[in-house]
Each structure stands twice: as C-alpha cells, then as structure tokens.
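The values are calculated or read from the model by the stated rules, or taken from the named source; none is laboratory data. Being a predicted model, the structure only gives us computed values, none of them experimental. Note that we place each Cβ from the backbone using ideal geometry, even for glycine, and neighbour counts take in every protein chain shown. Heavy atoms of the whole protein, side chains included, go into the accessibility calculation; ligands, DNA and RNA do not. Shrake-Rupley method; radii C 1.70, N 1.55, O 1.52, S 1.80 Å.
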Amino acid sequence: IWKPAYISRCVEVLEQESAVVLCYSSADCIGTDGNGLNVILRGPETRGLDMISRCHVILWGIQYAYPVYGLIKTDALRKTKIFKKTVGADVILLFELSFLGEIARLPEVLFHIRRISDFGSFDAYIEKIFGKPIRGLHRQRLFWEMLFEYLRAVNRHVRSMPAKFSLMFSAALCVLVKYRWIK
C-alpha cells in the first residue's frame, strides 16, 4: 500500500537529481489484518557513490527487494533485462539499475508491505514464480541460473576489464554466500 505522497515525493527526487534512476521510500510491514507489525525496512541508498560501490551496496545490502516497487526512470529501465523468470529477478534488476545510476531512499515511511502467511518460504516463492514445486537438480539449476544472470548483467554494463573482473568476482561470491540455501 502506497501513501498518497509516495509518487509525488519520488518524482521530486527524480526530477531534481539527474544521477538517480530509482527512488523509493522506507517501508513498514503490516499483517493480513492491516495492522502494523512494528518492522521498519530501510533499503539501500547509493546517492554519491561510484558505480562499483553502488553495485556492492546492492549485492551485500539488500534484505528485501521492495525498492523495485519505487519509481524508475524509463530510459534506465529500458537498458535492463527487466524481469526474467528466474530466482531473485527483483534483486538482479536492482543490481542492474545500480550500473546505470544512483538509488535514492526517502527516509519517511510511505509504503506498507503486507506480510502474508507464506512470507519467507522459499518453496512458496518458487511455486509462485514457476507454478509448481521444484526439487533436486532443478532447484540447483535455479541457483546457477541466478548466478549467471548476475554475471550477464556485469558483462552488459561494464567495459573496464578490472571493474568487470572485480564485480563478477563479487557477484559470484555474494550469490554463493547469501543464496547457498537454494541448493
């Protein structure tokens, strides 16, 4: 649920700061009944950082990928692969946007995220994406596909070989460390 000022506040930032490609607000979590759960989410803020630092913030700093529900500049979004049918497509999109510009977070809570009963269940998440449960080798394939999408994003957007190598190494390490539970 977005508060009425959400869009206008994000547009303000996008119009005033040309380097910003995505703007979103802090958020809180609400239950299925609409009552607050006293959980405030503050996602990544990459204003003023160089490209490699922005990418590292996204790789290592994302807990919830809700910033994808913010306002994104159309020209930046067109330069991405948007959403592929893969695990972590939302985080991969944020990673790809971090190559194209800065991500701005408004400090005020203007967005409410409803936590449904299967929140945090990887198996429920997989079923929502693919329409069926996935087990065994197919599940491992999802892990490797996610890793390769990160690497493809680096390859698409980074020209400098040292930066490309550094970001590919960081992305591979991050996926292996943060998402090892997919296997």
**Message:** Contact list please: Cβ distance under 8 Å, first residue in region 47-71 and without any contact (Cβ under 8 Å) to a residue 12 or more places away in the chain, second residue crowded, with 19+ Cβ neighbours inside 10 Å, pairs at least six apart or on different chains.
**Reply:** 53/46
**Message:** On the basis of being open to solvent by less than 40 Å² (accessible area, probe 1.4 Å), of a type outside the set (Lys, Arg) and without any contact (Cβ under 8 Å) to a residue 40 or more places away in the chain, does residue 93 make the cut?
**Reply:** yes
**Residues within region 78-115 that are acidic (Asp, Glu) and farther than 12 Å from residue 150 by Cα, tallied** = 2
**Asked** Is it true that some residue in region 65-79 is open to solvent by less than 60 Å² (accessible area, probe 1.4 Å), among the hydrophobic types (A, V, I, L, M, F, W, C), in a helix (DSSP H, G or I) and under 20 Å from residue 125 (Cβ atoms)?
**Response** yes
**Request:** Given the conditions (1) open to solvent by less than 80 Å² (accessible area, probe 1.4 Å); (2) out of contact with any Gly (no Cβ under 8 Å at 6 or more places or on another chain); (3) part of a loop (DSSP other than H, G, I, E, B), report the number of the one that residue 56 does not fulfil.
**Result:** (3)
**Item:** Considering residues of region 15-30 that are touching a residue at least 60 places away in the same chain (Cβ under 8 Å) and not in a strand (DSSP E or B) only, the residue surrounded by the most Cβ atoms within 10 Å (Cβ to Cβ)
**Value:** 17
**Asked** Any residue in region 75-90 that is in contact (Cβ under 8 Å) with a residue 12 or more places away in the chain and in contact with a strand residue (DSSP E or B) (Cβ under 7 Å, 6 or more places away or on another chain)?
**Response** yes
**Request:** Could you list all residues from region 157-169 that are under 12 Å from residue 95 (Cα atoms) and either open to solvent by less than 30 Å² (accessible area, probe 1.4 Å) or of a type in the set (Lys, Arg) (or both)?
**Result:** 167
**Message:** farther than 30 Å from residue 10 by Cα, in contact with a Ser or Thr (Cβ under 8 Å, 6 or more places away or on another chain) and in a helix (DSSP H, G or I): which single residue out of 149, 145, 96, 127 fits that description?
**Reply:** 145
